[in-house]
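These notes are about the structure you will find just below.
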Amino acid sequence: MYKILIIEDDDVIAETVKKHIQSWGCIAECINDFGNVLHEFADFNPHLVLLDISLPVYNGYYWCCEIRKTSKVPIIFISSSSDNMNIVMAMNMGADDFIAKPFDINVLTAKIQAMLRRAYDFTGHVKIFEHKGAILNTADNTLSYNGSKIELSKNEYKILRLLMENKGSIVSRDAIMTCLWETDVFIDDNTLTVNITRLRKKLEDAALTDFINTKKGLGYIVE
């Protein structure tokens, strides 16, 4: 079931589009906090984004650029600012399509369905994980924070992904080592400690302090 995020500050338009999308079997959500769009985007992890240009706090171009730093999710702009300059600018920022307001809801539906077919029939959905503004993108195994990308080793990525997948829950050292063994590389207790230490150092260097917490005798947690 596809998930579609609607970033639109006109409540009437947003709710109309949401209800219509839900009527043909998809999950739709509208942005609530226009100052924290990226957090809601990562939390919802949509298959497609509908994005207006004129928004409170930051405009749609800004959020398109921010999303593109971590995700290749299809983005369709829906806007009354439909002159050629705005259309060209939207596409240059990373949008996949542009629909002018007012639009026919059935035309919007057809464009969404076509975009979903092109994006996911063969490639599948790329999942991302977010915590404290940091985004782990499984497409290129990188961690993004404040516009910068943090390079991770294979083991560091696997450790961080496991912890972020289980955000709010303690993950034991044995569970982490078992996850790392799936790569056919044996990791002992001392090697795991070294990997955790190096990962924490990279996070702290990027100003992500206390990102991974130790629960003595139990394991590690991202909370």
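No lab work stands behind these numbers, since they all come straight from the coordinates. Since the model is a prediction, treat every value here as computed from it, not as a measurement. Every residue, glycine as well, gets a Cβ built from its backbone with ideal geometry; the counts of neighbours run over all protein chains shown.
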Checklist entry - What is the set of long-range amide H partners of Asp97 at a cut-off below 5 Å, with H atoms built 1.01 Å from backbone N? => result Ile75, Phe77
Next on the checklist: Test of the criteria: in the range 129-223, which chymotrypsin sites (Phe, Trp or Tyr not before Pro) are in a DSSP loop and have at most 13 other Cβ atoms within 10 angstrom of their Cβ?
Outcome noted: Phe186
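For the chain, just say rounded, prolate or oblate: build the C-alpha gyration tensor, square-root its eigenvalues into a ≥ b ≥ c, call rounded for a/c under 1.5, and beyond that prolate if a/b exceeds b/c, oblate if not.
prolate
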Checklist entry - Which percent, to the nearest 5, of DSSP beta bridges fully inside the chain are antiparallel? => result 50 percent
Next on the checklist: Between Pro46, Pro56, Pro74, where does the largest GNM mean-square fluctuation fall for the chain, given springs only between Cα atoms within less than 10 Å?
Outcome noted: Pro56
Checklist outcome for this item: Expressed in nanometres to one decimal, the distance between label points 7 Å along Cα→Cβ at Ser23 and Asn59 is 3.3 nm
Checklist outcome for this item: PRE zone check, label point 7 Å out along Cα-to-Cβ of Asn106, amide N under 20 Å, scope the range 5-22, hits 16-22
Checklist outcome for this item: Computed over the chain: longest principal axis from alpha-carbon atoms vs helix 105-120 long axis, angle to nearest 10 degrees, is 30 degrees
Checklist entry - Fully extended, how many nm does the chain gain between Arg68 and Thr178 (0.36 nm per residue separation, minus their Cα-Cα distance)? => result 36.3 nm
Checklist outcome for this item: Karplus-derived 3J(HN,Hα) from phi for the range 192-205 (6.51 cos²θ - 1.76 cosθ + 1.60, θ = phi - 60°), whole Hz, x at Gly and Pro, runs 4, 4, 4, 4, 5, 4, 5, 5, 4, 4, 5, 5, 5, 5
Item to check | Whether the range 128-221 is rounded, prolate or oblate, judged on the alpha carbon gyration tensor where a/c under 1.5 counts as rounded | outcome: prolate
Checklist entry - Between Asp83 and Met1, what length in nm is gained on full extension when 0.36 nm per residue of separation is reduced by their alpha carbon distance? => result 26.1 nm
Checklist entry - How much mean residue ellipticity at 222 nm does the chain get from its helices, if each DSSP H run of length 4 or more adds -39500 (n - 2.57) and you divide by all residues, to the nearest 500 deg cm²/dmol? => result -13000 deg cm²/dmol
